[in-house]
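First the structure, in the form of structure tokens, and then the observations on it.
All of the numbers you see were taken from the coordinates with simple rules; none came from a lab. In this text, all values refer to a predicted model and were calculated from it rather than measured experimentally. Ideal geometry is used to build each Cβ from the backbone, glycine not excepted, and the neighbour counts take in all protein chains shown.
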Amino acid sequence: MDYAPAVWVEACETNYMSADRPEEYPIDYVVIHLTTDVLPRMLRMFQDPSEGVSAHYVISSSGTRIAQCVRERDVAWHAGNVWYNQRSIGIEHEGWVDQPVYSDGMYEASAVLTATICAKYDVPVDRDHILGHVEVPEASHEDPGPVWEWDKYMKLVKSARRRIKT
């Protein structure tokens, strides 16, 4: 595992691509997603070989559970754009776009994870490099949705990044 607070719940090997990142592909982005389902069902989806989808991490709506499903060196199929998949880490957040409930705990857990990824791969902590799924070119999804508090989230990520030693 790449992130100590996470539990390992491996995605089916057909739902991601083995790689040797960042040597093979640089990691330049973190893509923020919303599951539109409950965490256990998302984890089962990532383990289903017929789905063809995965993410590196999934965070519960409370922020108390983080699952890692794909190693950071590998390419998760999360962004709907191969180039962005190859150059990003995908983080899913449990919830629904039409019924968003983003808890402080979820924002905080996600911000620390994102800051850790940014520190590890020298990804700038800004909105050009920390994207919503909707901002990925050719994206077919609207997540994390219009009520995701980007200003709050980025302040938390920046604060967490300052605390992380590189």
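Observations
- Given charges at Cβ of Lys, Arg, Asp, Glu: the chain dipole, positive-most of Y84, A67, L156: L156
- For the options Y57, Y25, Y84, a Gaussian network treatment of the chain with springs between C-alpha atoms closer than 10 Å singles out Y25 as fluctuating the most.
- Annotation for segment 78-101 versus segment 105-166: alpha-carbon center distance of 11 Å.
- Gyration tensor (alpha-carbon) shape descriptor, segment 7-163, a/c threshold 1.5: rounded
- Antiparallel %, DSSP beta bridges [both residues in the chain], to 5: 30 percent
- Computed label-point distance, nm, for sites E149 and R73 using a 7 Å Cα→Cβ extension: 3.8 nm
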